[in-house]
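This report concerns only the one structure given below.
The values are calculated or read from the model by the stated rules, or taken from the named source; none is laboratory data. All values reported here derive from a predicted model rather than from experimental measurement. So basically every Cβ, Gly included, is an ideal-geometry build from the backbone, and we count neighbours across all protein chains shown.
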Amino acid sequence: MRVSAHARAPGANRVVVALSVAALLALWGVAAIGVAPNRIVPGTPLKLAEVAGWYGALLGSLPLLALAALAWRPELARLKLALGLALALLMALPAGLALLGALALDPALPQARLGLGPAFWLLLFLLALVLIELRTRLWLGSLAGWGMVAAVALAWGATGWVLSSWLAPLALWQEYRVRSEAFGTAVLYHLLLVGGAVGASLVLGTAIALAMRRSRRLERAGFTLLNLVQTIPSLALFGLLLAPLAWLAANVGWLHALGVRGIGWAPAFLALLGYSLLPMVRNTFVALSGVEAGVLEAARGMGMSRAQVFWQVRLPLALPVVLEGIRITTVQAIGLAAVAALVGAGGLGTFIFQGLGQAAMDLVLLGALPILAMALAADALLGALSRRLSPQENRSHGGAG
Amino acid sequence: MTSEVPPDVGRLMRWRAPLVWLSLLMLLAAGMAWLTPLFHWVEPGARQVIYPHGDFLVLLGRHLLVVSVASLLAVLLGVGAAVLVTRPAGRDFLPLVAQFASMGQTFPPVAVLALAVPVLGFGTWPIIVALLLYGLLPIVRNTLAGLEGLEAGVMEAARGMGMSASQRLLQVELPLAAPVILAGIRTSVTVNIATAALGATVGASNLGAPIISGIVNGNTAYVLQGAVLIGLLALCVDSAFERLQRGLGHPGR
C-alpha cells in the first residue's frame, strides 16, 4: 500500500481502465433489468440495448468510456474528475433504473414487476471498486469516504422519493410494501438478538478474561473450549442446542415461563453468545495483559493510585483492543443471526429462507441486503471508533497489512 | 517433547486429535442405526427416528465433495491472484485487491449464499461457486499478508544468489509465507463446511439436510444426527489443519 503515486507518475491507471471496460462489458453483455407481468411468472431478462435501443445504450456507455479515458493519463486533476464522475454515476444508478423501467414496462399491466438484472449489480459493484481505488490513489481520508457514502445514500433516497411512481413496480419494493410491518419487526428482532448476544458476551467475556489472567490452566482450557465452539458450524450448533433446551423447557417450570423453548430465541441467543465469546475473550484478554509493565511502572512512579492507573492508563490503552473485539463479534453475529431464523428466532433471515423456499428471489434480497448493509455499517462504524481511540495510529487509516 | 518416544509413534501421537475425531465421525456415519434406542428416547413420539433420505456416509461424501472442490479451486485462484498482484506486472491492482479482500470478509456467508442463488440458480454448482467466491477472501488476504510480510533482507539475499523471479517465488517466497497462507486456507475451509450445510436450504443433499428436515418436521432426532456429524467433520478438519500448521512452524494468525 505504500507503493503508489510518487513511484510511478506516467502510465495509465490500469485498474480504473480495467474496471470501466468490465462495466461496459456487463452493460452490453448481460441483462440490466428483468420484467415480469406479475409475481408468479418468472421475469424476462432484458439487456440495456434491448430496452433503450442502440442509441440509448451508446449514450449510457459514454460516461464509462469517459471514465476509462480519464484514467488513461493519471494526472491528479483527471483522477479527481474521474472520482467525481464515478460518484455521479453511482448516485444516478436508481434514476437510470427508473428510466429503464418506464421504457420497458407496459402501463396497461398494473401488476407488472421490475427486477434487477446482473448488469445492475455488476455496475454497482464495479463503480464501488472504482471509488475505493481512486480514494486510495488520491490519498483521501476516511472523512471523504463517509462523505461519498452519504452522498450516494442521499441521492438514492431523493431519487426514490421524486421518482416513486416510476420505481413503484420494483419487485424489491413490492415485496417490502406488502410486509413493511413484518420487515420492521424483523429488523428489530435481528438487532435485539445481535445486541443481546454481543452485550452478554462483553460482560461474560470480560469476566472470563479476568479469571483467565489468574490461572494459566484456566487460560489454556478456556481457549481450547472456545476454539472448539467457534469451529462447530452454526447450523449444527443450533441443532445441538435444540434437544437440551426442549428438555429444559419441558421439565423446568421457570425456564418455560421465561419463554425458553427448543425452537425460538433461546437456542439462537445461546449459540450467538457461544460464537461471540471467543473473539471477545481473546481481545479482552490481550487488552488486559497487553499494557506494558513499563507503562504501569511509570504511572505508579508518578504517584497514581490504583484507581487512577486503571481509569487513566489501563482503560484508554485497552479500549481500542476491546472495541476491535466488539467489532469482530458484532459483524459475525449479524450474519449468524440470519441462520437463527431456521430455528424460529425471527429476524431478517426469515425473509431469506422464506424467499428461498418460494423461489421468490426478491424476498431473499429483502432479507439479505439489509443484513449486508448492517454488517458493513457495523464494521465501518466500530472500526472507525476503535481507530479514533487508538493512541498509536490515529492518523493512518486502512488497517490492511 | 517426544524425545522418549520412538519417532513414528511420536508422529502418530501428534495426529491423535484429528484421528480421534475422524474415527468418531466414520463410526457414527456408518453406524447411526445402532443408536436407534437412544434416538427413540430423544424423540419418543416419532415412528421414524433415523434420517431416512440417504445414507449418512453418502451425505458425508457429498458434503466433503462440495467443500473440497470449492476449497481446492479457492486455493488455486486465491494464491494465484495474490501472487499475480505482488509481481511487478500486476502491482497496480494490489491496493484494490487487498482492500477488497479484507472488506469482503465483512459479508456474512449466509447473505453471499442467498445472493448467489438468484444469480446462479439452485443446485450443487451454485453452492460450489458461492463457497468458492467467499472462500477466496481469507486466502487472498493471508497470501498477501504472507508475501508482503517477508523481510527485505531475505529477498535481497535470494536475488544476490542469482535466483530467477520464478525460483525466488517457488523456493523462497511461498515456502516462507506458507504458515500464513495455511492459516487462511484453514479459515476458508472451516467457513465452507458451515456454509455448505446451509446449502441444504437451497436443495443440496448433504449433512445439513437432516437438520433442516428435522426442524421442518419437528423431529429432534434427525436434527441431532446431522448436527453431531457436521460438528465432528468440522472438528476433524480443523484439528488436522492445526497439526499441519504446527508442522510448518508457528501458526500465523
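Out of segment A:342-358, which residues are facing chain B (nearest Cβ under 10 Å) and crowded, with 24+ Cβ neighbours inside 10 Å?
At the first step, the residues of segment A:342-358 found to be facing chain B (nearest Cβ under 10 Å) are A:342-344, A:348-349, A:351-353, A:355-357.
Correct list: A:Leu342, A:Val343, A:Leu348, A:Gly349, A:Phe351, A:Ile352.
Could you tell me whether B:Gly123 is farther than 20 Å from B:Ile181 by Cβ and within 13 Å of another protein chain (Cβ to nearest Cβ)? Before the answer, list the steps.
Values: farther than 20 Å from B:Ile181 by Cβ: yes; within 13 Å of another protein chain (Cβ to nearest Cβ): yes.
So B:Gly123 fits the description; yes.
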Residues that are surrounded by 17 or more Cβ atoms within 10 Å (Cβ to Cβ) and within 20 Å of the chain's Cα centre (by Cα), drawn from segment B:13-28: B:Pro18, B:Trp21, B:Leu22, B:Leu25
Residue check for A:Trp265: away from every other protein chain (no Cβ under 14 Å) and at pLDDT 80 or above: yes
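Search segment B:136-155 for residues being without any contact (Cβ under 8 Å) to a residue 12 or more places away in the chain and part of a helix (DSSP H, G or I), and hand back the single one that is nearest to B:Ala101 (Cα to Cα). So that I can check it myself, show each step before the final result.
Residues of segment B:136-155 that are without any contact (Cβ under 8 Å) to a residue 12 or more places away in the chain, as a first pass: B:151-153.
The next check asks that each one be part of a helix (DSSP H, G or I); those that pass are B:152-153.
Numbers: B:Ala152: 24, B:Gly153: 27 Å.
Residue satisfying both the conditions and the ranking: B:Ala152.
Would you point out the residue of segment A:200-233, among those that are of a type in the set (D, E, K, R) and in contact (Cβ under 8 Å) with a residue 12 or more places away in the chain, that is nearest to A:Pro279 (Cα to Cα)? Steps first, answer last, please.
As a first pass, look at segment A:200-233 and keep what is of a type in the set (D, E, K, R): A:213-214, A:216-217, A:219-220.
Right, trim to in contact (Cβ under 8 Å) with a residue 12 or more places away in the chain and you get A:213, A:219.
On the way: A:Arg213: 16, A:Glu219: 14 Å.
Across segment A:200-233, the extreme among qualifying residues is A:Glu219.
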Selection status of A:Ala68, within 14 Å of chain B (Cβ to nearest Cβ), in a helix (DSSP H, G or I) and modelled with pLDDT of 90 or more: no
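With respect to B:Ala114, is the statement that it is of a type in the set (A, V, I, L, M, F, W, C), modelled with pLDDT under 85 and buried (at least 21 other Cβ atoms within 10 Å of the Cβ) true? Lay out the reasoning, then the answer.
Details: of a type in the set (A, V, I, L, M, F, W, C): yes; modelled with pLDDT under 85: yes; buried (at least 21 other Cβ atoms within 10 Å of the Cβ): yes.
So B:Ala114 passes the test.
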Residue among A:Ala144, A:Ala86 that is at pLDDT below 90 and under 20 Å from A:Val16 (Cβ atoms): A:Ala144
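Any idea which residue in segment A:1-37 is nearest to the other protein chains (Cβ to nearest Cβ), counting only those that are part of a loop (DSSP other than H, G, I, E, B), surrounded by 12 or more Cβ atoms within 10 Å (Cβ to Cβ) and at pLDDT below 85? Spell out how you get there, then give the answer.
Step one: list which residues in segment A:1-37 are part of a loop (DSSP other than H, G, I, E, B), which gives A:1-4, A:8-13, A:30, A:37.
Okay, now just the ones that are also surrounded by 12 or more Cβ atoms within 10 Å (Cβ to Cβ), so A:1, A:4, A:8, A:12-13, A:30, A:37.
So of that shortlist, the ones also at pLDDT below 85 come out as A:1, A:4, A:8, A:12, A:37.
Numbers: A:Met1: 6, A:Ser4: 7, A:Arg8: 8, A:Ala12: 9, A:Pro37: 19 Å.
Once the filter is applied, the top-ranked residue is A:Met1.
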Residue within segment B:55-78 that is acidic (Asp, Glu) and more than 14 Å from every other protein chain (Cβ to nearest Cβ) present: yes
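So is B:Ala70 at pLDDT 85 or above, in a helix (DSSP H, G or I) and under 18 Å from the mean Cα position of the chain (by Cα) or not?
Details: at pLDDT 85 or above: yes; in a helix (DSSP H, G or I): yes; under 18 Å from the mean Cα position of the chain (by Cα): yes.
Yes: the conditions hold for B:Ala70.
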The one condition in (1) surrounded by 15 or more Cβ atoms within 10 Å (Cβ to Cβ); (2) more than 14 Å from every other protein chain (Cβ to nearest Cβ) that B:Gln48 fails to fulfil: (1)
Residue among A:Leu27, A:Leu65, A:Leu89 that is farther than 29 Å from A:Met361 by Cβ, out of contact with any Phe, Trp or Tyr (no Cβ under 6 Å at 6 or more places or on another chain) and assigned by TED's automatic domain parsing to the domain that holds A:Ala168: A:Leu65
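B:Leu235 - would you say it is within 8 Å of chain A (Cβ to nearest Cβ) and under 11 Å from B:Pro18 (Cβ atoms)? Reasoning before the result, please.
On the way: within 8 Å of chain A (Cβ to nearest Cβ): yes; under 11 Å from B:Pro18 (Cβ atoms): yes.
Taking the combined requirement at face value, the residue satisfies it.
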Residue within segment A:359-374 that is part of a loop (DSSP other than H, G, I, E, B), loosely packed, with under 14 Cβ neighbours inside 10 Å and not hydroxyl-bearing (Ser, Thr, Tyr) present: no
Residue match in segment B:5-13 (condition: closer than 25 Å to A:Ile232 by Cα, modelled with pLDDT under 80 and either out of contact with any helix residue (DSSP H, G or I) (no Cβ under 8 Å at 6 or more places or on another chain) or in a helix (DSSP H, G or I) (or both)): yes
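Residue by residue, here is whether (1) exposed (fewer than 15 other Cβ atoms within 10 Å of the Cβ); (2) assigned by TED's automatic domain parsing to the domain that holds A:His190; (3) not small (Gly, Ala, Ser) holds:
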{"position": "A:Trp254", "(1), (2), (3)": "yes, yes, yes"}
{"position": "A:Ala257", "(1), (2), (3)": "yes, yes, no"}
{"position": "A:Gly264", "(1), (2), (3)": "no, yes, no"}
{"position": "A:Leu270", "(1), (2), (3)": "no, yes, yes"}
{"position": "A:Leu273", "(1), (2), (3)": "no, yes, yes"}
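For residues that are assigned to a helix (DSSP H, G or I) and more than 7 Å from chain A (Cβ to nearest Cβ), tally how many sit in segment B:101-110.
Of segment B:101-110, the ones assigned to a helix (DSSP H, G or I) are B:101-104, B:109-110.
With more than 7 Å from chain A (Cβ to nearest Cβ) added as a condition, the list becomes B:101, B:103-104.
Total meeting the criteria: 3.
For B:Ala111, state whether it is among the small types (Gly, Ala, Ser), under 30 Å from A:Gly43 (Cα atoms) and within 17 Å of the chain's Cα centre (by Cα).
Working: among the small types (Gly, Ala, Ser): yes; under 30 Å from A:Gly43 (Cα atoms): yes; within 17 Å of the chain's Cα centre (by Cα): no.
Considered against the rule, which asks whether it is among the small types (Gly, Ala, Ser), under 30 Å from A:Gly43 (Cα atoms) and within 17 Å of the chain's Cα centre (by Cα), B:Ala111 comes out as no.
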Residues (more than 9 Å from chain B (Cβ to nearest Cβ) and at pLDDT 65 or above) located in segment A:380-401: A:Leu381, A:Leu382, A:Gly383, A:Ala384, A:Leu385, A:Ser386, A:Arg387, A:Arg388, A:Leu389, A:Ser390, A:Pro391
Any hit, segment B:83-97, residues being facing chain A (nearest Cβ under 10 Å), among the acidic types (Asp, Glu) and either more than 19 Å from B:Thr195 (Cβ to Cβ) or surrounded by 18 or more Cβ atoms within 10 Å (Cβ to Cβ) (or both): yes
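Based on this model, can you work out whether A:Val130 counts as in the same structural domain as A:Val51 (by TED's automatic domain parsing), crowded, with 17+ Cβ neighbours inside 10 Å and not hydroxyl-bearing (Ser, Thr, Tyr)? Before the answer, list the steps.
Numbers: in the same structural domain as A:Val51 (by TED's automatic domain parsing): yes; crowded, with 17+ Cβ neighbours inside 10 Å: yes; not hydroxyl-bearing (Ser, Thr, Tyr): yes.
Judged against the criteria, A:Val130 is a match.
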Index of the failed condition, B:Gln171 passing every other in (1) of a type in the set (S, T, N, Q); (2) within 12 Å of another protein chain (Cβ to nearest Cβ); (3) out of contact with any helix residue (DSSP H, G or I) (no Cβ under 7 Å at 6 or more places or on another chain): (2)
Residue count for segment B:198-253, restricted to those that are part of a loop (DSSP other than H, G, I, E, B), of a type outside the set (S, T, N, Q) and crowded, with 21+ Cβ neighbours inside 10 Å: 2
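Which count do you get for residues in segment A:209-231 that are assigned to a helix (DSSP H, G or I) and either within 8 Å of chain B (Cβ to nearest Cβ) or over 24 Å from B:Ala194 (Cβ atoms) (or both)?
The initial filter retains those residues of segment A:209-231 that are assigned to a helix (DSSP H, G or I), namely A:209-214, A:216-231.
From what is left, the residues that are either within 8 Å of chain B (Cβ to nearest Cβ) or over 24 Å from B:Ala194 (Cβ atoms) (or both) are A:209-214, A:216-221, A:228, A:231.
Within segment A:209-231, residues that are assigned to a helix (DSSP H, G or I) and either within 8 Å of chain B (Cβ to nearest Cβ) or over 24 Å from B:Ala194 (Cβ atoms) (or both) number 14.
Looking only at helices (runs of 4 or more DSSP H) that fall completely inside segment A:232-290, which ones have 2 or more residues that are within 30 Å of B:Leu207 (Cβ to Cβ)? Reasoning before the result, please.
Values: elements: A:234-251, A:253-258, A:265-290.
Qualifying helices (runs of 4 or more DSSP H): A:234-251, A:265-290.
Of all residues in segment A:115-173 being part of a helix (DSSP H, G or I) and touching a Gly at 6+ places or on another chain (Cβ under 7 Å), which is nearest to the other protein chains (Cβ to nearest Cβ)?
Here is the first cut: in segment A:115-173, the ones part of a helix (DSSP H, G or I) are A:118-137, A:142-162, A:164-167, A:171-173.
Next cut, touching a Gly at 6+ places or on another chain (Cβ under 7 Å) only: A:135, A:166-167, A:171.
Working: A:Arg135: 9, A:Trp166: 23, A:Leu167: 19, A:Ala171: 11 Å.
This residue is A:Arg135.
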Residue in segment A:309-327 that is under 19 Å from B:Thr195 (Cβ atoms), within 12 Å of chain B (Cβ to nearest Cβ) and part of a helix (DSSP H, G or I) present: no
Set A:Gly335, A:Gly274: member being of a type outside the set (D, E, K, R) and within 30 Å of B:Glu43 (Cα to Cα): A:Gly274
